[in-house]
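Step one of this worksheet: look at the structure below.
The values are calculated or read from the model by the stated rules, or taken from the named source; none is laboratory data. Worth saying up front: this structure is predicted, and the values here are computed from it rather than measured. Here the Cβ is made from the backbone with ideal geometry for all residues, glycine too, and neighbour counts use every protein chain on show.
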Amino acid sequence: MHPSHSPSGRLTALGIQLIEIHHWLREELAKLRASLDSPGDPGTGLTRELRAHCVGFCAALHRHHTGEDGGAFQVLAEQVPELRPVLAELSADHRVVADLLRRIDALLGDAADGRSVRAELDGLAALLESHFTYEERKLVAALNQLAGDPVQLLGVTPPTGAVPS
């Protein structure tokens, strides 16, 4: 993925890129959940394409959270110490999300049916919506003051054309 650019060609502030990344992750999760609602061949469970999409989404989400924990959160903790309790809460959320991603991965490896995966993805969607909203509300302004490589600080950059909601 490439860094997000504004129409003037300047790099977009990191906080805005965070919103764009979250928007993209929300969209990908919504597509994945919708694809589980699409009728497939009866009795076949998840298709190979659906499994690949799920694995790809989970990997991107994991990279994003790992990047935040090892990048932006460390920098913010040093530069804005009053955010440390918020950062600790967000990192705890990341661990809960990682557990959910491991459960989803195990279901995919066990050739589970779409209903089991859908139940986990529904729980993940609810948790992420709360997490992303809180993170954006608490961190965007502080992130916009930082300079640095979005991949190192946020784990990923939004795909070209991602638009914040």
(request) Only helices (runs of 4 or more DSSP H) wholly contained in the range 79-165 count here; list those with 1 or more residues that are among the aromatic types (Phe, Trp, Tyr). (result) 114-144
(message) Looking only at the range 97-111, count every residue that is buried (at least 17 other Cβ atoms within 10 Å of the Cβ) and over 16 Å from Phe57 (Cα atoms) and tell me the total.
(response) 0
(request) Filter the range 1-41 down to residues that are at pLDDT below 80 and among the polar types (S, T, N, Q) and give me whichever is surrounded by the fewest Cβ atoms within 10 Å (Cβ to Cβ). (result) Ser8
(message) Suppose the filter is within 18 Å of the chain's Cα centre (by Cα), on the phi > 0 side of the Ramachandran plot, touching a residue at least 12 places away in the same chain (Cβ under 8 Å) and buried (at least 17 other Cβ atoms within 10 Å of the Cβ); does Gly67 pass it?
(response) no
(message) Among the numbered criteria (1) at pLDDT 95 or above; (2) under 18 Å from the mean Cα position of the chain (by Cα), which one does Glu82 miss?
(response) (2)
(request) Write out, first by first residue and then by second, each pair whose Cβ atoms fall under 9 Å of each other, whose residues are 6+ apart or on separate chains, and whose first residue, in the range 71-98, is touching a residue at least 60 places away in the same chain (Cβ under 8 Å) while the second is surrounded by fewer than 18 Cβ atoms within 10 Å (Cβ to Cβ) and basic (Lys, Arg). (result) Leu76/Arg84
(request) Could you please let me know if Glu82 is within 22 Å of Gln17 (Cβ to Cβ) and acidic (Asp, Glu)? (result) no
(request) Please determine, by comparing only the residues of the range 119-137 that are modelled with pLDDT of 95 or more and of a type in the set (D, E, K, R), which one is farthest from the chain's Cα centre (by Cα). (result) Arg137
(request) Please indicate, with yes or no, whether at least one residue in the range 41-57 is out of contact with any Ser or Thr (no Cβ under 7 Å at 6 or more places or on another chain) and closer than 20 Å to Pro150 by Cβ. (result) yes
(message) at pLDDT 95 or above and either surrounded by 13 or more Cβ atoms within 10 Å (Cβ to Cβ) or on the phi < 0 side of the Ramachandran plot (or both): which single residue out of Ser116, Ser91 fits that description?
(response) Ser91
